[in-house]
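Only one structure is covered here, and it is reproduced in the block below.
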Amino acid sequence: MFASWLKVLFFALLVRPIVWVFLGLHVVNRERLPQRGPRIIVANHNSHLDTLVLMSLFPLRLLPQVRPVAAADYFLSTKMLSWVARTLIGIIPLSRTGETAKEHLFNASTEALRRNDILILFPEGTRGKPGKMAPLRKGVYHLAKSHPECVIVPVFLHGLGKALPKGDAVLVPFNCAVVVGEEMSPGEDADEFVARLEATLSALAMQGTVRG
């Protein structure tokens, strides 16, 4: 309970002011964001801002249920970063080292869906170059199939890779946009789903032109 309050305060007092004032964020179809779980939000990934921006769009009361799936090798690399990632952001660590068997890779995420949490997942697997999307991985499909009530909400993020590019530590003021798509079901075939998700994200990328 204490960790949940810390998370809410962190977003209310620090993250939200930065997102809404410094970035000048514009949101398209915000009403499509889920208000209950189990849900998986999938988005393109260009910046460490991506997770914080997506989480800042939710009501504060829902934040304890919003759980980003994030790379364990990066976010648990130091004690301080691990505390911030686990306590203030509430990540679900995901191993990218290959030491965890594929059938167990999403165990913690599956448990979160069973608790009706809302997960944030970047199916490219890592941050890419602004304006370019890497091939999507199939993990999100198998995760969604693990829970029969789960649906997927696609989101495209504009401009965050320029506001805080990969490898930079200085935030640059830049007008950014978030475009939320309609809910998707995983279907019965992983390859078909990935192709459908790629097409959906590409269509969302054409919407919500960044201002400025």
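Pick out the one residue from Pro165, Pro186, Pro154 that is at pLDDT below 75 and either touching a strand residue (DSSP E or B) at 6+ places or on another chain (Cβ under 9 Å) or closer than 19 Å to Thr51 by Cα (or both).
Working: Pro186 fails: at pLDDT below 75; Pro154 fails: at pLDDT below 75.
Criteria check complete, one pass: Pro165.
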Review point. Regarding Ala70, is this residue part of a helix (DSSP H, G or I) and at pLDDT below 95?
Key: no
Review point. Is at least one residue of the stretch 20-29 hydrophobic (A, V, I, L, M, F, W, C), assigned to a helix (DSSP H, G or I), touching a helix residue (DSSP H, G or I) at 6+ places or on another chain (Cβ under 7 Å) and loosely packed, with under 14 Cβ neighbours inside 10 Å?
Key: no
Exercise for review: Could you grab me the full set of residues in the stretch 1-57 that are free of Cβ contacts under 8 Å to residues at least 60 places away in the same chain, more than 24 Å from Val140 (Cβ to Cβ) and among the aliphatic types (A, V, I, L, M)?
Suggested key: Met1, Val8, Leu9, Ala12, Leu13, Leu14, Val15, Val19, Val21
Practice item. Please specify each residue of the stretch 34-67 satisfying the condition of being over 15 Å from Lys7 (Cβ atoms), of a type outside the set (A, V, I, L, M, F, W, C) and in a strand (DSSP E or B). Key: Arg39
Study note, to complete from the structure: Picked from the stretch 30-78 (must be within 22 Å of Ala12 (Cα to Cα) and polar (S, T, N, Q)), the residue nearest to the chain's Cα centre (by Cα) is Thr51
Review point. Out of all the residues in the stretch 29-41, is one or more modelled with pLDDT of 95 or more and at positive phi?
Key: yes
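The values are calculated or read from the model by the stated rules, or taken from the named source; none is laboratory data. Everything numeric in this text was worked out from a predicted model, so none of it was measured. We place every Cβ from the backbone using ideal geometry, glycine too, and count neighbours over all the protein chains shown.
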